[in-house]
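Asker: Just passing along the structure, written as structure tokens.
The values are calculated or read from the model by the stated rules, or taken from the named source; none is laboratory data. Quantities reported herein were computed from a predicted structural model and do not represent experimental measurements. Note that each Cβ is placed from the backbone with ideal geometry, even for glycine, and that neighbours are counted across all protein chains shown. The area values use the complete protein model at the heavy-atom level, side chains included, leaving out ligands, DNA and RNA. Shrake-Rupley method; radii C 1.70, N 1.55, O 1.52, S 1.80 Å.
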Amino acid sequence: MVPVPKTPGEVDAMAASGAVLAACLDMLCAAVRPGVTTIELDRLAEEHIRAHGGVPAFKGYRGFPGSICPSVNSEVVHAIPGPYALREGDLVSIDAGVVLDGWVSDSARTVAVGEVADVARRLLEATERALERGIAAALVGHHVGDIGHAVQAEVEGAGFSVVRSLVGHGVGRTMHEEPQVPNFGLPGTGAELVEGIVIAIEPMVNAGDHEVVMGPDGWTISSRDGSLSAHFEHTVAVTAAGPRILTMGAPVPA
Ligand code: MG
Ligand code: MG
């Protein structure tokens, strides 16, 4: 399957979806504190998304029960919201998606719960920096391998590992479209980035080894070695003017 570029009008419509998602994640990050359960965060997310005219993209996706994936500590992605109450020192990765007027947006952030260990802080910073580096490589004429290479270089330069069995992806009318966007690779390889391609760039980074395992619930993916994991994601349009982040939210008024 060949990736289908979006028109400028379609990219604007996806940005409207992304703005709802960005505001939702802002709200959720502010709600993270010791004692909050992940099912409470899920309820807040669903209320927020529906109040802004959207639909939670994750809810019912292949039978997924939640509106967010709140993955804690060694959990990498796809955790199910539940009764777990966040504790001081935890990392929680919040991944969410919005459908607005038929357009999907997909974004994730990892948040420190109170004071966290030095390695956790460094992992967060490296993963967010890797996302920024990956986005900066999302240029017309580049290839997805340029993005993966930029992410991998940043992560491994910080002494951490990129998860390889899970990848970023095209986004549009559905959450997962072509092309796949690995967080590793070689410059100039893989699908070419043409104007109008919209992709979710999403480094998933383990403090230890890159291997992951599936949990008994059939959803939660964790680091095999039990090391901490972080995940940052934006939905990004490749435009003639450079990468446009669609899940950044509205600029703060001066
Ligand atoms: Mg996501
Ligand atoms: Mg994604």
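Asker: Which shape class, rounded, prolate or oblate, goes with the range 56-140 when its Cα gyration tensor gives a ≥ b ≥ c as root eigenvalues, a/c under 1.5 marks rounded, and past that a/b bigger than b/c marks prolate?
Answerer: Oblate, since a/c reaches 1.5 and b/c is not below a/b.
Asker: Under the rule a/c < 1.5 gives rounded, and otherwise a/b versus b/c splits prolate from oblate, where does the range 1-148 land using the Cα gyration tensor?
Answerer: oblate
Asker: Right, here's the next one. Using the Cα gyration tensor of the range 87-213, with a ≥ b ≥ c the square roots of its eigenvalues, what is the shape: rounded (a/c below 1.5), prolate (a/b larger than b/c) or oblate (neither)?
Answerer: Judged from the Cα gyration tensor, the range 87-213 comes out oblate (a/c at least 1.5, b/c at or above a/b).
Asker: Apply the Karplus parameterisation 6.51 cos²θ - 1.76 cosθ + 1.60, with θ equal to phi minus 60°, to every residue of the range 7-14 and state each ³J(HN,Hα) to the nearest whole Hz, in sequence, with x for glycine and proline.
Answerer: Running phi through 6.51 cos²θ - 1.76 cosθ + 1.60 with θ = phi - 60° gives 6, x, x, 5, 5, 4, 5, 5 Hz.
Asker: Ordering MET214, MET27, MET175 from largest to smallest accessible area (1.4 angstrom probe), what's the sequence?
Answerer: Sorted by accessible area, descending: MET214, MET27, MET175.
Asker: Here's something else I'd like to know. Quick one: Karplus J couplings for the range 119-130, per residue in order, coefficients 6.51, -1.76, 1.60, θ = phi - 60°, nearest Hz, x for Gly and Pro?
Answerer: 5, 5, 4, 5, 5, 4, 5, 5, 5, 5, 4, 5
Asker: Further question on the same structure: Determine how large the accessible area of ASP101 is when every protein chain is in place; take a 1.4 Å probe and give Å² rounded to the nearest 10.
Answerer: 130
Asker: How large is the helix-only mean residue ellipticity at 222 nm for the chain, computed as the sum of -39500 (n - 2.57) over DSSP H runs with n ≥ 4, divided by its residue count, in deg cm²/dmol to the nearest 500?
Answerer: Using -39500 (n - 2.57) per qualifying helix, the result is -9500 deg cm²/dmol.
Asker: Still on this structure, please answer the following. Can you give me the C-alpha center-to-center distance between the range 49-95 and the range 152-186, rounded to a whole angstrom?
Answerer: Their Cα centres are 20 Å away from one another.
Asker: Assuming 0.36 nm per residue, please report the length gained on full extension of the stretch HIS176 to ARG43 beyond their Cα-Cα distance.
Answerer: 45.5 nm
Asker: Per residue, how much accessible area does the range 8-245 show when a 1.4 Å probe rolls over the protein heavy atoms, in square angstrom?
Answerer: 39
Asker: How long, wide and thick is the range 8-245, going by the Cα atoms along their three principal axes, in whole angstroms, largest first?
Answerer: 47, 42, 30
Asker: Charges on Cβ only, +1 for Lys and Arg, -1 for Asp and Glu, centred on the Cα centroid of the range 8-245; of GLY114, GLN152, VAL205, which one is farthest towards the dipole's positive end?
Answerer: Farthest towards the positive end: GLY114.
Asker: What FRET efficiency comes out for the pair GLU192/ARG33, r = Cβ-Cβ distance, R0 = 41 Å, nearest 0.05?
Answerer: E between GLU192 and ARG33, to the nearest 0.05, is 0.40.
Asker: With a 1.4 Å probe and all protein chains left in place, how much of the accessible area of the range 139-182 comes from carbon and sulfur atoms, in whole percent?
Answerer: Solvent-exposed carbon and sulfur of the range 139-182 make up 50 percent of the total.
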